[in-house]
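Worksheet for the structure shown next.
The values are calculated or read from the model by the stated rules, or taken from the named source; none is laboratory data. The structure displayed is predicted, hence computed values, not measured ones. Glycine gets a Cβ as well: all are built from the backbone with ideal geometry, and neighbour counts include every protein chain shown. Heavy atoms of the whole protein, side chains included, go into the accessibility calculation; ligands, DNA and RNA do not. Shrake-Rupley method; radii C 1.70, N 1.55, O 1.52, S 1.80 Å.
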Amino acid sequence: MAYYADVIIDISKEKLDHTFQYKIPEDLAGQIYPGVQVNLPFGRGNRMVCGFVTEVTDYAKYDADKIKEIDSIVKESVAIETHLIALAFWMRKNYGSTMNQALKTVIPVKQKTKAKERRIICLCAEEEAAKEQLAVFFKKHHTARARLLEELLVHPEISYEIVTQKLNVSSSVIRALEEKGLLKVRLESEYRNPVGHIERKEHKISLNGQQKKAVEEILCGMRKGVCRTYLLHGVTGSGKTEVYMELIADVMKNGRQAIMLIPEIALTYQTVMRFIAKFGNRVSIINSRMSKGERYDQFLRAKNGETDIMIGPRSALFTPFCRLGLIIIDEEHEGSYKSETVPKYHARETAIERAKMSDAFVVLGSATPSVDSYYRAKAGEYKLVEMERRVEGRPLPVCSVVDLREELKCGNRSILSQKLQDLIAERLEKKQQVMLFLNRRGLSGFVSCRLCGHVIKCPHCDVSLSLHKNHRLLCHYCGYEREAPSKCPVCASSYIGGFKAGTQKIEEIVKQRFKYAKTLRMDYDTTRKKDGYETILSAFSNGEADILIGTQMIVKGHDFKNVTLMGILAADLSMYAGDYRAAERTFQLLTQAAGRAGRGEAPGEVVIQTYNPCHYSIVTAKDQDYKAFYQAEILARKLALYPPVSNLLFMLITAKEENAAGYAASYFAALIKKAQIPGLSMIGPASAAVGKVKDVYRMALYLKHMDYGQLVTLKDRLELFLKNREDMKQIHVSFDFNPMNG
Ligand code: ADP
Ligand code: ZN
Ligand code: ZN
């Protein structure tokens with residue numbers, strides 16, 4: 001059988017999908033796989049060019065006789081593209097996508113759009129000469145020219161926009177002065193180095209004993225090759241960032257480079273400054289607000305060896321460092337590390353795969369590790385490193401739980417419990433700051449009783465049911481359906497229903513109750529504008545407000561020294577999100593939120609308001625006892641065979657017609673059943689969590705198996721089946737392995 005290879009010739013171009021097919025000569029058989037760099041004859045003149053293999057197939061796309069042969073394998077150094085293409089191939093296989101989608105994810109693409117440039121007007125005449133000329137302009141009443149020159153004598157460099165907009169000087173005037181040799185217009189690419197202008201300050205902190213021990217354990221493990229992946233479990237405020245920086249410094253000392261992933265939301269000025277203070281302009285940053293072109297610029301700098309450290313969200317994982325030595329994933333439990341677009345990769349797993357290829361290491365850090373990672377650490381797959389105390393002997397905040405059912409019985413129907421009101425008043429008195437966190441995550445409309453806390457759950461799947469139209473309650477896993485009750489089935493009270501509250505409403509309530517307090521609100525509305533997020537954070541940090549009210553945005557990694565009280569208004573909202581990770585998310589959010597209080601000299605206090613004070617995710621968060629939480633949670637996962645104990649493949653089947661989607665889902669279900677794969681269990685089909693989006697009908701099917709590979713094989717078979725079925729052309733199926741929000 002003949003083998004063929006798809007080859008891309010020019011990686012930097014927009015058209016990554018433009019591959020060329022070549023024959024693999026017999027003497028190279030077995031040595032050609034995705035990523036390998038090859039020499040090949042190209043174009044009419046058959047000039048020898050370099051290309052990268054993206055895929056190997058056993059069929060010819062064109063007339064087999066006309067397909068040229070690969071000449072040879074490029075022997076010298078392994079190009080960074082080799083790693084990235086191999087990584088794309090791995091992602092395609094493990095998460096499901098086309099090779100093209102995978103390539104577009106890992107390879108930075110140069111865009112035709114010009115990089116954003118700033119025009120800067122600079123004075124270039126000598127001061128004396130400029131002053132003489134200024135006098136001339138005044139005399140001739142050339143007021144605009146005089147105005148510009150006068151300004152340039154004070155500020156020798158001014159941005160073009162300021163000159164034309166604020167100084168009201170037209171471009172023809174600028175040109176006239178340029179022709180006289182008085183000024184020059186310089187072009188500056190704005191994002192060449194977004195952090196280049198920040199001064200490097202002396203980095204003062206020296207590690208404490210606990211931090212030193214953690215660094216030692218990790219470095220020692222790396223040197224001895226004990227493990228590729230390290231899980232740093234350190235309580236909030238234990239100084240994990242300093243540990244990361246120490247590790248990076250060591251990596252750099254050995255001539256290697258580092259990538260540090262942090263959740264977008266925690267990518268604040270504060271964090272960035274800490275890195276720049278230590279590493280100066282060896283640090284590069286990308287964020288999602290940058291255009292593709294700007295990101296490409298950063299990646300180019302990395303590829304050219306102009307930087308050694310890349311900090312950014314998920315996509316920074318694909319920084320083309322040639323000497324990659326370390327990948328750090330901070331707040332590794334964060335849901336944003338899972339891609340929501342195809343390929344639906346998880347940055348943690350992908351980082352480990354990339355590290356394997358470059359002989360690098362991975363350090364995962366969190367105060368509340370994901371159940372997945374902790375499970376792997378316990379199984380010995382990762383090495384666990386712990387930091388149990390906060391820096392400088394600061395105590396963990398004191399947590400108390402307020403039972404909202406009791407409040408209701410006492411006649412308090414406000415969202416603020418009496419205890420929380422008292423504590424807020426006390427902090428305002430002391431001029432300390434307060435944060436109020438509204439846990440809105442997963443507000444999928446579960447139904448609960450405000451008097452006894454009972455939540456209506458699916459009898460089959462152990463997740464809460466979601467309220468839909470016409471008072472129907474629905475399970476998003478198996479499709480179980482029932483009428484929403486009008487009375488609580490446990491205590492018969494009629495205080496049963498969905499949970500409704502918004503940050504805006506809460507701000508009103510707080511303002512009513514505390515007339516003289518200044519409040520700030522941080523939610524989707526107030527942060528939509530560019531920099532809205534930073535503005536609110538820095539205003540709060542500067543003490544411009546007493547109370548910050550917000551959604552999960554406020555709980556991530558911020559370090560406000562004057563915050564001594566954190567109120568968690570409705571801990572329950574994330575507890576019944578209708579998916580198997582709901583309890584984990586709740587514990588994480590509560591612990592992270594609690595961690596925001598008492599980071600300065602004054603100790604912190606946390607109030608958790610809930611209808612379910614006995615739920616293990618609340619009890620263990622109150623005690624900030626991760627291990628106790630993990631024990632309870634892993635037991636639940638074992639019983640129900642949810643990840644990480646087992647693996648879950650989520651199939652989303654969509655179609656424009658309701659019947660078609662439903663029919664296809666049942667068809668697949670029957671097909672899978674018939675295959676009788678040992679150890680496979682299936683849940684559904686059911687209408688997906690959001691059943692209909694933009695007039696497209698969505699059906700869900702869940703498949704569980706202990707062996708991830710079995711699910712991959714099943715996915716491949718289903719894809720092949722779909723490809724060959726004419727009557728299923730209007731059906732779209734997407735696959736998501738171990739989903740985060742499913
Ligand atoms: P974590 O990420 O573990 O929550 P951080 O790394 O943000 O904690 O550190 C919390 C605070 O403690 C920061 O303000 C940091 O500057 C400070 N810090 C860290 N290590 C030390 C140390 N060894 N000595 C004094 N302060 C430290
Ligand atoms: Zn009840
Ligand atoms: Zn169910």
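Out of the range 486-520, which residues are within 16 Å of ligand 2 (Cβ to nearest atom) and more than 36 Å from the chain's Cα centre (by Cα)?
The answer is SER486, LYS487, CYS488, PRO489, VAL490, CYS491, ALA492, SER493, SER494, TYR495.
Scan the range 336-357 and give yes if some residue there is part of a loop (DSSP other than H, G, I, E, B), open to solvent by 10 Å² or more (accessible area, probe 1.4 Å) and within 17 Å of VAL251 (Cβ to Cβ), otherwise no.
no
Going through CYS491, CYS478 one at a time, which residue ends up being within 16 Å of ligand 3 (Cβ to nearest atom), out of contact with any Pro (no Cβ under 8 Å at 6 or more places or on another chain), assigned to a loop (DSSP other than H, G, I, E, B) and open to solvent by 30 Å² or more (accessible area, probe 1.4 Å)?
Working: CYS491 fails: within 16 Å of ligand 3 (Cβ to nearest atom).
It is CYS478.
One line per residue, one yes/no per condition, for (1) under 14 Å from GLU332 (Cβ atoms); (2) of a type in the set (A, V, I, L, M, F, W, C); (3) touching a residue at least 60 places away in the same chain (Cβ under 8 Å):
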{"position": "VAL342", "(1), (2), (3)": "no, yes, yes"}
{"position": "ALA351", "(1), (2), (3)": "yes, yes, yes"}
{"position": "ALA360", "(1), (2), (3)": "no, yes, yes"}
{"position": "SER366", "(1), (2), (3)": "yes, no, yes"}
{"position": "SER373", "(1), (2), (3)": "yes, no, yes"}
{"position": "ALA379", "(1), (2), (3)": "no, yes, no"}
{"position": "MET387", "(1), (2), (3)": "no, yes, yes"}
{"position": "VAL391", "(1), (2), (3)": "no, yes, yes"}
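What is the residue count in the range 517-540 for residues that are at pLDDT 85 or above and closer than 18 Å to GLN432 by Cβ?
6
If you go through the range 500-514 one residue at a time, how many are in a loop (DSSP other than H, G, I, E, B) and surrounded by fewer than 17 Cβ atoms within 10 Å (Cβ to Cβ)?
So the first thing to find is which residues in the range 500-514 are in a loop (DSSP other than H, G, I, E, B), and the list is 500-502, 514.
When the remaining residues are screened for being surrounded by fewer than 17 Cβ atoms within 10 Å (Cβ to Cβ), the result is 500-502.
Adding up the residues that qualify gives 3.
Filtering the range 717-733 down to residues that are hydrophobic (A, V, I, L, M, F, W, C) and in contact (Cβ under 8 Å) with a residue 12 or more places away in the chain, which residue is most open to solvent (accessible area, probe 1.4 Å)?
PHE721
Which pairs have Cβ atoms under 7 Å, sit 6 or more apart or on different chains, and link a residue in the range 326-340 that is more than 20 Å from GLU242 (Cβ to Cβ) to one that is in a helix (DSSP H, G or I) and open to solvent by 20 Å² or more (accessible area, probe 1.4 Å)?
SER336/GLU264; SER336/ARG314; TYR337/ARG314; SER339/ARG314
Go through THR236, THR229 for me and flag whichever is closer than 20 Å to ASP359 by Cβ and of a type in the set (S, T, N, Q).
Exactly one of THR236, THR229 is closer than 20 Å to ASP359 by Cβ and of a type in the set (S, T, N, Q), namely THR229.
Just one of the numbered conditions (1) at pLDDT 85 or above; (2) within 30 Å of LYS292 (Cα to Cα); (3) under 40 Å from the mean Cα position of the chain (by Cα) is not true of ILE32; which one?
Only one criterion is unmet by ILE32, namely (2).
Among the residues of the range 681-703, are any among the small types (Gly, Ala, Ser), at pLDDT 90 or above and more than 16 Å from ligand 3 (Cβ to nearest atom)?
Among the residues of the range 681-703, not one is among the small types (Gly, Ala, Ser), at pLDDT 90 or above and more than 16 Å from ligand 3 (Cβ to nearest atom), which makes the answer no.
Regarding GLN418, is this residue open to solvent by 60 Å² or more (accessible area, probe 1.4 Å), under 21 Å from VAL510 (Cβ atoms), polar (S, T, N, Q) and away from ligand 3 (no atom under 16 Å from the Cβ)? Show your work before the answer.
On the way: open to solvent by 60 Å² or more (accessible area, probe 1.4 Å): yes; under 21 Å from VAL510 (Cβ atoms): yes; polar (S, T, N, Q): yes; away from ligand 3 (no atom under 16 Å from the Cβ): yes.
Considered against the rule, which asks whether it is open to solvent by 60 Å² or more (accessible area, probe 1.4 Å), under 21 Å from VAL510 (Cβ atoms), polar (S, T, N, Q) and away from ligand 3 (no atom under 16 Å from the Cβ), GLN418 comes out as yes.
Of everything in the range 538-578, what is assigned to a strand (DSSP E or B) and over 22 Å from THR368 (Cβ atoms)? Give them in sequence order.
The answer is ILE547, ILE549.
Say we look at the range 620-642 and pick out the residues that are part of a helix (DSSP H, G or I) and open to solvent by 60 Å² or more (accessible area, probe 1.4 Å); which of these is nearest to LEU231 (Cα to Cα)?
Filtering first and then ranking leaves LYS627.
Run down THR591, THR586, THR535 and say which single residue is in a helix (DSSP H, G or I) and free of Cβ contacts under 8 Å to residues at least 24 places away in the same chain.
Of the residues listed, the single one that is in a helix (DSSP H, G or I) and free of Cβ contacts under 8 Å to residues at least 24 places away in the same chain is THR535.
For VAL447, indicate whether it is open to solvent by less than 40 Å² (accessible area, probe 1.4 Å) and either free of Cβ contacts under 8 Å to residues at least 60 places away in the same chain or over 23 Å from THR503 (Cα atoms) (or both).
Numbers: open to solvent by less than 40 Å² (accessible area, probe 1.4 Å): yes; either free of Cβ contacts under 8 Å to residues at least 60 places away in the same chain or over 23 Å from THR503 (Cα atoms) (or both): yes.
In short, yes.
Within the range 246-270, how many residues are touching an Asp or Glu at 6+ places or on another chain (Cβ under 9 Å) and not small (Gly, Ala, Ser)?
Total meeting the criteria: 13.
Pick from the range 451-463 the residues that are open to solvent by less than 70 Å² (accessible area, probe 1.4 Å) and under 19 Å from ALA492 (Cα atoms): which of them is nearest to ligand 3 (Cβ to nearest atom)?
By that ranking, first place goes to ILE456.
Residues are listed down the side, and each one gets a yes or a no for (1) β-branched (Val, Ile, Thr); (2) over 24 Å from ARG314 (Cα atoms); (3) within 16 Å of ligand 2 (Cβ to nearest atom); (4) crowded, with 23+ Cβ neighbours inside 10 Å:
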| site | (1), (2), (3), (4) |
| --- | --- |
| ALA214 | no, yes, no, yes |
| ILE218 | yes, no, no, yes |
| ARG223 | no, yes, no, no |
| ARG228 | no, no, no, no |
| LEU231 | no, no, no, yes |
| VAL235 | yes, no, no, no |
| VAL243 | yes, no, no, yes |
| LEU247 | no, no, no, yes |
| LYS253 | no, yes, no, no |
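Out of the residues in the range 454-481 that are on the phi > 0 side of the Ramachandran plot and at pLDDT 80 or above, which is nearest to ligand 2 (Cβ to nearest atom)?
First pass over the range 454-481, keeping only residues on the phi > 0 side of the Ramachandran plot: 462, 470-471, 479.
Subsequent filtering for residues that are at pLDDT 80 or above retains 471, 479.
Working: HIS471: 18, GLY479: 26 Å.
Checking each candidate, the answer is HIS471.
Please give the number of the condition GLY598 fails out of (1) open to solvent by less than 30 Å² (accessible area, probe 1.4 Å); (2) on the phi < 0 side of the Ramachandran plot.
Condition not satisfied by GLY598: (2).
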